[in-house]
Amino acid sequence: MDVKGLYEVIAKRKSVRKYSLEPLDHRMLGKVEAYAEGLQPLDKDIKVEIKFLSQKEVKLVLFPIKAPHYMVAFSEEKEGYLANVGFMLQQMDLFLSANSLGSCWLGVAKPTKEILKKSKLKSVVILAFGKADEKLHRDSISEFKRKPLEKITDHFKRKDLIEAAQLAPSSTNSQPWFFTGSENIIHAYCIKTSGIKALIYKKLNKIDMGIGICHIWIAAQKQGYTPVIFYDSEAVSCAPAGYSYMNSIALTQV
(Lines give C-alpha, C1' and ligand atoms only; values in the text may rest on other atoms or scores of the structure.)
Protein backbone atom coordinates (compact mmCIF):
# COMPACT_ATOMS: atom_id res chain seq x y z
CA MET A 1 0.00 0.00 0.00
CA ASP A 2 1.28 3.44 -0.89
CA VAL A 3 1.70 6.31 1.55
CA LYS A 4 -1.50 8.00 0.34
CA GLY A 5 -3.57 5.03 1.49
CA LEU A 6 -2.01 5.11 4.95
CA TYR A 7 -2.31 8.88 5.24
CA GLU A 8 -6.02 8.88 4.41
CA VAL A 9 -6.91 6.70 7.40
CA ILE A 10 -4.98 8.79 9.96
CA ALA A 11 -7.96 11.13 10.31
CA LYS A 12 -10.50 8.34 10.86
CA ARG A 13 -8.80 5.32 12.46
CA LYS A 14 -9.70 4.29 15.98
CA SER A 15 -8.82 1.55 18.42
CA VAL A 16 -11.24 -1.34 17.93
CA ARG A 17 -12.01 -3.35 21.07
CA LYS A 18 -14.75 -5.70 19.85
CA TYR A 19 -14.11 -8.28 17.14
CA SER A 20 -15.75 -11.07 15.27
CA LEU A 21 -13.78 -14.09 16.47
CA GLU A 22 -13.95 -15.73 13.06
CA PRO A 23 -10.40 -15.93 11.66
CA LEU A 24 -9.57 -13.98 8.53
CA ASP A 25 -9.55 -15.93 5.29
CA HIS A 26 -6.18 -17.12 4.02
CA ARG A 27 -6.04 -14.49 1.28
CA MET A 28 -6.47 -11.55 3.66
CA LEU A 29 -4.24 -13.01 6.36
CA GLY A 30 -1.57 -13.63 3.74
CA LYS A 31 -1.87 -9.99 2.62
CA VAL A 32 -1.37 -8.81 6.20
CA GLU A 33 1.63 -11.08 6.76
CA ALA A 34 3.21 -9.99 3.48
CA TYR A 35 2.86 -6.31 4.42
CA ALA A 36 4.47 -6.98 7.80
CA GLU A 37 7.58 -8.25 6.04
CA GLY A 38 8.15 -4.85 4.42
CA LEU A 39 7.68 -2.53 7.41
CA GLN A 40 10.15 0.35 7.48
CA PRO A 41 12.21 0.72 10.70
CA LEU A 42 13.44 3.83 12.45
CA ASP A 43 16.76 2.06 12.87
CA LYS A 44 17.63 -0.69 10.39
CA ASP A 45 20.39 -1.94 12.72
CA ILE A 46 17.89 -3.10 15.36
CA LYS A 47 16.75 -6.65 14.76
CA VAL A 48 12.95 -7.05 14.93
CA GLU A 49 10.73 -10.09 14.47
CA ILE A 50 6.96 -9.91 13.90
CA LYS A 51 5.05 -13.06 14.86
CA PHE A 52 1.37 -13.80 14.29
CA LEU A 53 -0.44 -15.51 17.16
CA SER A 54 -3.84 -16.94 17.99
CA GLN A 55 -5.85 -16.05 21.09
CA LYS A 56 -4.63 -19.15 22.94
CA GLU A 57 -1.03 -18.00 22.44
CA VAL A 58 -1.54 -14.65 24.20
CA LYS A 59 -1.98 -13.88 27.90
CA LEU A 60 -4.57 -11.11 28.17
CA VAL A 61 -4.52 -9.03 31.37
CA LEU A 62 -6.27 -5.96 32.81
CA PHE A 63 -8.58 -5.00 29.91
CA PRO A 64 -8.57 -8.16 27.77
CA ILE A 65 -9.27 -7.64 24.07
CA LYS A 66 -10.45 -10.87 22.47
CA ALA A 67 -9.59 -10.97 18.80
CA PRO A 68 -9.04 -13.73 16.23
CA HIS A 69 -5.47 -12.61 15.56
CA TYR A 70 -2.57 -10.92 17.33
CA MET A 71 0.82 -9.79 16.12
CA VAL A 72 3.68 -9.42 18.54
CA ALA A 73 6.89 -7.48 17.97
CA PHE A 74 10.10 -9.01 19.33
CA SER A 75 13.22 -6.86 19.33
CA GLU A 76 16.83 -6.54 20.33
CA GLU A 77 17.16 -4.37 23.43
CA LYS A 78 19.24 -1.62 21.87
CA GLU A 79 19.08 2.17 22.19
CA GLY A 80 15.85 3.33 20.57
CA TYR A 81 14.28 -0.12 20.25
CA LEU A 82 10.95 0.87 21.82
CA ALA A 83 10.36 3.81 19.47
CA ASN A 84 11.51 1.61 16.59
CA VAL A 85 8.82 -0.96 17.36
CA GLY A 86 6.15 1.73 17.73
CA PHE A 87 7.17 3.23 14.39
CA MET A 88 6.96 -0.12 12.62
CA LEU A 89 3.73 -1.41 14.12
CA GLN A 90 1.91 1.88 13.51
CA GLN A 91 2.45 1.28 9.80
CA MET A 92 0.69 -2.01 10.39
CA ASP A 93 -2.10 -0.38 12.40
CA LEU A 94 -2.85 2.06 9.56
CA PHE A 95 -2.59 -0.66 6.91
CA LEU A 96 -5.18 -2.76 8.74
CA SER A 97 -7.54 0.21 9.08
CA ALA A 98 -7.12 1.02 5.38
CA ASN A 99 -8.08 -2.57 4.56
CA SER A 100 -11.33 -2.51 6.59
CA LEU A 101 -9.85 -4.36 9.56
CA GLY A 102 -9.80 -3.26 13.19
CA SER A 103 -6.76 -3.22 15.45
CA CYS A 104 -5.85 -2.25 19.01
CA TRP A 105 -2.54 -1.80 20.81
CA LEU A 106 -2.15 -4.03 23.88
CA GLY A 107 0.58 -2.57 26.04
CA VAL A 108 0.51 -5.12 28.86
CA ALA A 109 -0.54 -8.34 27.11
CA LYS A 110 2.17 -10.98 26.69
CA PRO A 111 2.76 -14.06 24.57
CA THR A 112 2.60 -17.36 26.44
CA LYS A 113 5.79 -18.87 27.83
CA GLU A 114 5.85 -21.36 24.97
CA ILE A 115 5.93 -18.55 22.41
CA LEU A 116 8.53 -16.56 24.37
CA LYS A 117 10.86 -19.56 24.32
CA LYS A 118 10.82 -19.59 20.52
CA SER A 119 12.60 -16.23 20.18
CA LYS A 120 15.92 -14.95 21.50
CA LEU A 121 14.59 -11.40 21.24
CA LYS A 122 12.51 -9.47 23.80
CA SER A 123 8.72 -9.39 23.49
CA VAL A 124 7.83 -5.67 23.29
CA VAL A 125 4.17 -5.08 22.44
CA ILE A 126 1.13 -6.77 20.87
CA LEU A 127 -1.40 -5.55 18.31
CA ALA A 128 -4.81 -7.28 18.27
CA PHE A 129 -6.58 -7.33 14.89
CA GLY A 130 -9.44 -8.80 12.91
CA LYS A 131 -12.88 -7.95 11.56
CA ALA A 132 -14.47 -5.30 13.76
CA ASP A 133 -17.67 -6.16 15.62
CA GLU A 134 -18.23 -2.44 16.24
CA LYS A 135 -17.91 0.72 14.21
CA LEU A 136 -14.57 0.58 12.37
CA HIS A 137 -13.86 4.26 11.69
CA ARG A 138 -14.65 7.67 13.14
CA ASP A 139 -17.15 9.81 11.24
CA SER A 140 -15.36 13.07 11.96
CA ILE A 141 -12.03 14.39 13.19
CA SER A 142 -14.00 16.04 16.02
CA GLU A 143 -14.38 12.59 17.61
CA PHE A 144 -10.68 12.54 18.53
CA LYS A 145 -9.95 13.57 22.11
CA ARG A 146 -6.54 15.14 21.77
CA LYS A 147 -4.49 17.93 23.34
CA PRO A 148 -4.73 21.30 21.56
CA LEU A 149 -1.95 21.80 19.05
CA GLU A 150 -0.31 24.50 21.17
CA LYS A 151 0.16 21.94 23.97
CA ILE A 152 2.26 19.65 21.79
CA THR A 153 4.25 22.08 19.64
CA ASP A 154 5.63 25.59 19.20
CA HIS A 155 6.56 24.79 15.60
CA PHE A 156 3.52 26.16 13.78
CA LYS A 157 5.32 26.49 10.45
CA ARG A 158 5.02 22.71 10.23
CA LYS A 159 1.58 22.35 11.81
CA ASP A 160 0.47 20.60 8.60
CA LEU A 161 2.68 17.65 9.57
CA ILE A 162 2.41 17.86 13.35
CA GLU A 163 -1.37 17.67 13.10
CA ALA A 164 -0.90 14.12 11.85
CA ALA A 165 1.00 13.26 15.05
CA GLN A 166 -1.70 14.98 17.08
CA LEU A 167 -4.14 12.28 15.89
CA ALA A 168 -1.81 9.38 16.69
CA PRO A 169 -2.89 6.77 19.27
CA SER A 170 -1.03 6.53 22.57
CA SER A 171 -1.26 4.45 25.73
CA THR A 172 -4.24 5.64 27.84
CA ASN A 173 -4.32 8.59 25.40
CA SER A 174 -1.34 10.13 27.25
CA GLN A 175 0.03 11.92 24.14
CA PRO A 176 3.59 12.17 25.51
CA TRP A 177 5.07 14.16 22.62
CA PHE A 178 6.27 17.70 22.00
CA PHE A 179 7.59 18.88 18.64
CA THR A 180 9.77 21.87 17.81
CA GLY A 181 12.40 22.77 15.22
CA SER A 182 12.98 24.86 12.11
CA GLU A 183 11.22 25.03 8.76
CA ASN A 184 12.84 21.88 7.39
CA ILE A 185 13.49 19.98 10.62
CA ILE A 186 11.14 18.67 13.30
CA HIS A 187 12.61 17.60 16.65
CA ALA A 188 10.59 15.10 18.70
CA TYR A 189 10.67 15.09 22.51
CA CYS A 190 9.09 12.70 25.02
CA ILE A 191 7.63 13.74 28.36
CA LYS A 192 9.66 12.65 31.40
CA THR A 193 8.10 10.47 34.10
CA SER A 194 9.18 9.58 37.61
CA GLY A 195 8.14 7.45 40.58
CA ILE A 196 5.34 4.92 40.20
CA LYS A 197 4.16 6.58 37.00
CA ALA A 198 7.53 5.87 35.41
CA LEU A 199 7.15 2.15 36.11
CA ILE A 200 4.00 2.12 34.01
CA TYR A 201 4.62 4.71 31.32
CA LYS A 202 8.38 4.90 30.68
CA LYS A 203 8.30 1.99 28.23
CA LEU A 204 4.89 2.78 26.75
CA ASN A 205 5.70 6.46 26.18
CA LYS A 206 8.70 5.57 24.04
CA ILE A 207 6.62 3.18 21.96
CA ASP A 208 4.07 5.99 21.60
CA MET A 209 6.80 8.35 20.38
CA GLY A 210 7.56 5.94 17.56
CA ILE A 211 3.86 5.98 16.67
CA GLY A 212 3.69 9.78 16.58
CA ILE A 213 6.89 10.05 14.53
CA CYS A 214 5.46 7.50 12.09
CA HIS A 215 2.46 9.76 11.46
CA ILE A 216 4.74 12.73 10.68
CA TRP A 217 6.88 10.53 8.41
CA ILE A 218 3.80 9.44 6.45
CA ALA A 219 2.35 12.97 6.26
CA ALA A 220 5.69 14.33 5.01
CA GLN A 221 5.80 11.78 2.21
CA LYS A 222 2.22 12.61 1.28
CA GLN A 223 3.37 16.22 0.79
CA GLY A 224 6.21 15.18 -1.49
CA TYR A 225 9.09 15.16 0.97
CA THR A 226 11.63 12.42 1.50
CA PRO A 227 11.78 12.53 5.31
CA VAL A 228 15.04 11.43 6.91
CA ILE A 229 14.90 10.45 10.58
CA PHE A 230 18.13 11.00 12.47
CA TYR A 231 19.68 11.67 15.88
CA ASP A 232 20.75 15.28 16.44
CA SER A 233 23.15 15.55 19.40
CA GLU A 234 22.67 19.32 19.55
CA ALA A 235 18.89 18.92 19.99
CA VAL A 236 19.46 16.93 23.20
CA SER A 237 20.43 20.03 25.17
CA CYS A 238 17.53 22.03 23.70
CA ALA A 239 14.80 19.86 25.21
CA PRO A 240 11.79 21.77 26.59
CA ALA A 241 11.43 21.60 30.38
CA GLY A 242 10.08 18.22 31.43
CA TYR A 243 10.92 16.47 28.15
CA SER A 244 13.78 14.39 26.78
CA TYR A 245 15.00 14.19 23.19
CA MET A 246 14.02 11.27 20.93
CA ASN A 247 14.63 11.86 17.20
CA SER A 248 14.59 14.48 14.48
CA ILE A 249 12.94 14.44 11.06
CA ALA A 250 14.64 16.30 8.20
CA LEU A 251 12.29 17.29 5.37
CA THR A 252 14.18 16.90 2.10
CA GLN A 253 12.93 17.01 -1.46
CA VAL A 254 14.47 14.98 -4.25
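The values are calculated or read from the model by the stated rules, or taken from the named source; none is laboratory data. Computed from a prediction, not measured in an experiment: that's the story for all the values here. Because the Cβ atoms are built from the backbone with ideal geometry, glycine has one as well, and the counts that use them run over all protein chains shown. Side chains are part of the model used for accessible areas, which takes the heavy atoms of the whole protein and leaves out ligands, DNA and RNA. Shrake-Rupley method; radii C 1.70, N 1.55, O 1.52, S 1.80 Å.
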Long-range amide H contacts for Leu53: which residues qualify at under 5 Å (H placed 1.01 Å from N, peptide plane, sequence gap of 5 or more or a different chain)? Tyr70, Met71, Val72
State the Cα centre-to-centre distance between the range 167-196 and the range 71-114 in whole Å. 18
So what J values fall out for the range 110-123 if you push phi through Karplus, 6.51 cos²θ - 1.76 cosθ + 1.60 with θ = phi - 60°, rounded to Hz, Gly and Pro as x? 9, x, 5, 4, 4, 6, 4, 5, 7, 10, 8, 8, 8, 5
From the backbone phi of the range 144-158, what are the Karplus-calculated ³J(HN,Hα) couplings (6.51 cos²θ - 1.76 cosθ + 1.60, θ = phi - 60°) in whole Hz, Gly and Pro given as x? 6, 9, 10, 4, x, 4, 5, 8, 10, 7, 10, 10, 6, 5, 10
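Taking the Cβ of Lys131 as the centre, find all other residues whose Cβ is under 12 Å away and add up their charges (Lys, Arg: +1; Asp, Glu: -1).
On the way: positive: Lys18; negative: Glu22, Asp25, Asp133, Glu134.
Neighbourhood net charge equals -3.
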Ordering 184-195, 130-141, 99-110, 210-221 by per-residue average of other C-beta atoms within 10 angstrom, highest first, gives 210-221, 99-110, 184-195, 130-141
Per residue, what accessible area does the range 27-74 have, given a 1.4 Å probe and all protein chains present, in Å²? 58
Amide H of Tyr19: which non-local residues (sequence gap of 5 or more, or other chain) have their own amide H closer than 5 Å, using H built in the peptide plane? Asp133
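Where does the charge balance sit around Leu53 when Lys and Arg score +1, Asp and Glu -1, over other residues with C-beta under 15 Å from its C-beta? Write out the running numbers ahead of the final one.
Numbers: positive: Lys51, Lys56, Lys59, Lys66, Lys110, Lys113, Lys117, Lys118; negative: Glu33, Glu49, Glu57, Glu114.
It works out to a net charge of +4.
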Only Lys, Arg, Asp and Glu count, each charged at its Cβ (+1, +1, -1, -1), so figure out the dipole size of the range 1-110 about its Cα centre, rounded to 20 debye. 540
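Could you compute the net charge surrounding Pro41? Neighbours are other residues with a C-beta less than 14 Å from the C-beta of Pro41; K and R count +1, D and E count -1. Don't jump to the answer; show the numbers that get you there.
On the way: positive: Lys44, Lys47, Lys78; negative: Glu37, Asp43, Asp45, Glu49, Glu76, Glu79.
Here the charged neighbours net out to -3.
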Step through the residues of the range 80-93 one at a time and calculate ³J(HN,Hα) from phi using the Karplus curve (6.51 cos²θ - 1.76 cosθ + 1.60, θ = phi - 60°), rounding each to whole Hz and writing x for Gly and Pro. x, 5, 5, 4, 4, 5, x, 4, 6, 6, 5, 4, 5, 4
Of the residues Ala198, Ala36, Ala11, which exhibits the maximal mean-square fluctuation in a Gaussian network model of the chain defined by a 10 Å Cα contact cut-off? Ala198
Value of [θ]222 nm, deg cm²/dmol, for the chain, DSSP H segments ≥ 4, -39500 (n - 2.57) each, nearest 500: -10000 deg cm²/dmol
Counting only heavy atoms of the protein chains, get the accessible area per residue of the range 147-236 (1.4 Å probe) and round it to a whole Å² value. 45
Round to a whole number: what % of the accessible area of the chain belongs to carbon and sulfur, probe 1.4 Å? 51
